[in-house]
1. When the residues of region A:19-29 are narrowed to those that are in contact with a strand residue (DSSP E or B) (Cβ under 8 Å, 6 or more places away or on another chain) and open to solvent by 30 Å² or more (accessible area, probe 1.4 Å), which ends up nearest to A:THR78 (Cα to Cα)?
2. Out of all the residues in region A:138-156, which are more than 8 Å from chain B (Cβ to nearest Cβ) and under 26 Å from A:ARG443 (Cα atoms)?
3. Within region A:144-181, how many residues are without any contact (Cβ under 8 Å) to a residue 40 or more places away in the chain and touching an Asp or Glu at 6+ places or on another chain (Cβ under 7 Å)?
4. For A:ALA234, which of the numbered conditions (1) in a helix (DSSP H, G or I); (2) at pLDDT below 95 fails to hold?
5. Considering A:ASP433, A:ASP424, A:ASP374, which residue is at the interface with chain B (Cβ under 10 Å from one of its Cβ atoms), farther than 26 Å from A:LEU277 by Cβ, out of contact with any Gly (no Cβ under 6 Å at 6 or more places or on another chain) and among the charged types (D, E, K, R)?
6. When region B:119-148 is examined, which residues are found to be at the interface with chain A (Cβ under 7 Å from one of its Cβ atoms) and of a type in the set (Asp, Glu)?
7. Condition first: part of a loop (DSSP other than H, G, I, E, B), touching a helix residue (DSSP H, G or I) at 6+ places or on another chain (Cβ under 7 Å) and either open to solvent by 10 Å² or more (accessible area, probe 1.4 Å) or at pLDDT 95 or above (or both). Now tell me which residues in region B:64-91 satisfy that.
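The values are calculated or read from the model by the stated rules, or taken from the named source; none is laboratory data. This is a predicted model, so every value here is computed, not measured. For neighbour counting, all protein chains shown are included, and Cβ atoms are generated from backbone atoms with ideal geometry for every residue, glycine included. For the accessible areas, the whole protein counts, side chains as well, though only heavy atoms, and no ligand, DNA or RNA atoms are used. Shrake-Rupley method; radii C 1.70, N 1.55, O 1.52, S 1.80 Å.
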Amino acid sequence: MAIERDLTRALGPERVLHTRDALLAWECDGFTVLKSRPRAVVLPESTTEVQAVLRLLHAAAVPFVPRGAGTCLSGGPTAGADAVVVDCSRMRRVLHVSTVDRIATVQPGVVNLDLTAAVSDHDLHYAPDPSSQSVCTIGGNLAENSGGPHCFKYGMTTDHVLAATVVCPDGSLAHLGDPAGPRSPHGLDVLGVFCGSEGTFGIATEITVRLCRNPPEVRTLLASFASMSSACRAVGDIVAAGLVPAALEILDQATIRAVEASVYRAGYPENAAAVLLVELDGPHEVVGEEAAEITAFFRKNGALQSEEATTPDERKRLWKGRKGAFGAMGRIDTDLYVLDGVVPRTRLEEALTKITEIGRRHGVTLSNVFHAGDGNLHPNISFDGRDPDATARTIAAGHEILQLCVELGGSITGEHGVGGEKLDHVPLMFDDDDLEVMARVRRAFDPDGRCNPGKVLPQRHACAEVAKWPQMTAEVLGEGAAEGGQ
Amino acid sequence: MNATEAIRERLCAATGPVRIVGSGSRARHLPARADATALDLSDLREIVRLDHGDQTCTVECGVPLATLDAALREHDLELPCLGGGTAEGTVGGLFACDPFGPGNEGGQSPRSLLLGLDAVLADGTVFKAGARVVKSVAGFDVHKLFVGSQGRLFVAARLHLRLKPRPRAEQWFTNDDLDEAAAFRLLHALRQEPLPLPVLQLRRDSDGSHAVMGRAAGRAGYVTGVVQRHGLHSVSAPTSFHLDPPPRGELLTGLAVPSALPELLRAVPAAATFTWLGGGRFQVALPDPGASDRLLAALPNVPASGVLAVATGERHGRGTPIDPGQARLADALKIALDPDGTLV
């Protein structure tokens, strides 16, 4: 308990938790299949305190896991029993806003949507908008390189992060990037590789992000289709025409029905095989022309019906179903496995057809809600986690779906990260040499391997609790199931 | 033999330090070390894959930018960090020597457009990073380290790039002979446009005159509206965005936020030519090393950062102080990926 005593001395007893009951809330993130109670949780409130904590952990050779709001969907911030969670959720101050330069510097615990609220009076907003944006934090977004519906037009987190103060695993500081541009003029884009490193390189304690001007006009359109193929073809036409809507989202029938039966009811037509949600923003004259073109693509692809939100309330209603889709899945079964594969946009239709076949073959309940504009699929498997057979079929179907994404030229994850969940899927994309190069980069940041160990890169000796999910997948898939490169 | 095998073979055949050469444009401002073997990759010029529907492509590192631009034009696509103009050099060179930033505020930087790559370490290890699709967070983004690395970490053989639709209409413009106040008014008015201009540049010449230049792009009606609203003077597309230093002069490149511009302009010697791009990047063509040193000393107080991008001998790369933590991590990454210091 020596480290707990030292941490308590540094932060005070209220901000160091180490009793069994107190740690319950930190035993998992949004990927609830992977559970492990950490050794302790610390709640620093400043860069100086994070430095103090990491220096103590460094001296005691104790592993640690950075954490934001815990909304990650891949088990990234789930810690082993020997690790201390450094919870940054109390670091929630907006430190600086420059409306002229359109940048803001925030602590990592600032909630994504709170940042937009803080700058909305200046007609600005923070563009990356994960579905969890009302809860998730900017620090977590940076660690995961989070996306969201509007990243089709505005880009992922990496496109909006300009600079960061980082506390390295040994407690030393590094100032990465530059508030004026995404890469310091002195050389390497160190911040570029830090972004999306899933908390394995250090802890960003002050983050400078780019803000976007609010568009003068926003239009939200919804079309329903008799088949998923028609909806995918409409997306293909929109992208091929050079149109760049702010968002292009598809929900399939299973999702529509779950949403319509839930508190997220949005008035989607339940007889449709798919609905396509399109949001346009920009100057009035531009948005008007684009809306007309997109409506024509709806018609060309046999839309059953289409509607346009004409008031902010209607717009909120149309988005309510999309934003609440994952929550609505709770009606289908006790557990939900959210997949996050990516395919080239030209292969969406083929991918969806094959995913349906995979689901049927494994006898799992599949639903799809996805960022069609980016080819980022979220096949969701609803299952009863208490049933070992259902769990095994879920794992097998999930693996096959991600294998399909890679075979089609895509990726095993578009925005949720590898975390502890996809360790067995990583070799579908990367061979041993690829992974060794990544390991070298990781060691440059964390030579001792104490910063969120056992995540992102597959390794044989992950700690027992965190390795539970990989062990489960290995048992289902068999050793060496995931082989070969992209 | 594919590009990675070709590079691997050439690396293994080389002895001592190796310097990567694309079109050779870097040699104009940074001569190679005398003991370095030149690894010429300009023959690796195949556009391996162009998926116009997905708006992505895979190209070998030696593909000339003009060749890529021509191929993309056939599908109404573009690589946005070219700014819509025709740049010289190769694709590999563009990303390796990235002038650290987009040409406009909120625009696409090379970091955003490089989706992944196939590459070779100096020891001959072939590896890949990133993906071919527009969105992937699998593994670490090692490919991002290629941007601005000057080819000193590893050699990129093939690059997977994100493309964008070419705007349906565009108009380049230059409003010159402005005084400083008028130039700032126009610059700030253009920054208020709801669609960011893909290129927006402020220039001050050594005669004290100012100009605002750029590219309005989008739908025809919108572009016409921008030109009319701001009284912009139409010109043809420029061939280069880069300044050249005068004889015996030097070129400094740096970063400054818009609010620092007035102070930055006061720090820049009157005899220098200055340009600032909306993405934060600026360039100063300085008449002599003394002027460069005075400006470098003044920049931290602006605040701005900068380095000498064109200078002779050891002066090349001299700059404002770098954060020691960032420098330590950059050194650690170099040691991790090229422990023998082969790539120079």
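1. A:TRP26
2. A:ILE138, A:GLY139, A:GLY140, A:ASN141, A:LEU142, A:ALA143, A:SER146
3. Residues meeting the conditions: 2.
4. (2)
5. A:ASP433
6. Within region B:119-148, B:ASP141 is the sole residue that qualifies.
7. Answer for region B:64-91, where residues must be part of a loop (DSSP other than H, G, I, E, B), touching a helix residue (DSSP H, G or I) at 6+ places or on another chain (Cβ under 7 Å) and either open to solvent by 10 Å² or more (accessible area, probe 1.4 Å) or at pLDDT 95 or above (or both): B:THR86, B:ALA87, B:GLU88, B:GLY89.
Each row is one residue, and each column tells you yes or no for (1) in contact with a Ser or Thr (Cβ under 9 Å, 6 or more places away or on another chain); (2) at pLDDT below 95; (3) farther than 20 Å from A:LEU339 by Cβ; (4) β-branched (Val, Ile, Thr).
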position: A:GLY375; (1), (2), (3), (4): yes, no, no, no
position: A:VAL406; (1), (2), (3), (4): no, no, no, yes
position: A:GLY414; (1), (2), (3), (4): yes, no, no, no
position: A:LEU428; (1), (2), (3), (4): no, no, no, no
position: A:ASP446; (1), (2), (3), (4): yes, no, yes, no
position: A:VAL456; (1), (2), (3), (4): yes, no, no, yes
position: A:GLN459; (1), (2), (3), (4): no, yes, yes, no
position: A:LEU477; (1), (2), (3), (4): no, yes, no, no
position: A:GLY480; (1), (2), (3), (4): no, yes, yes, no
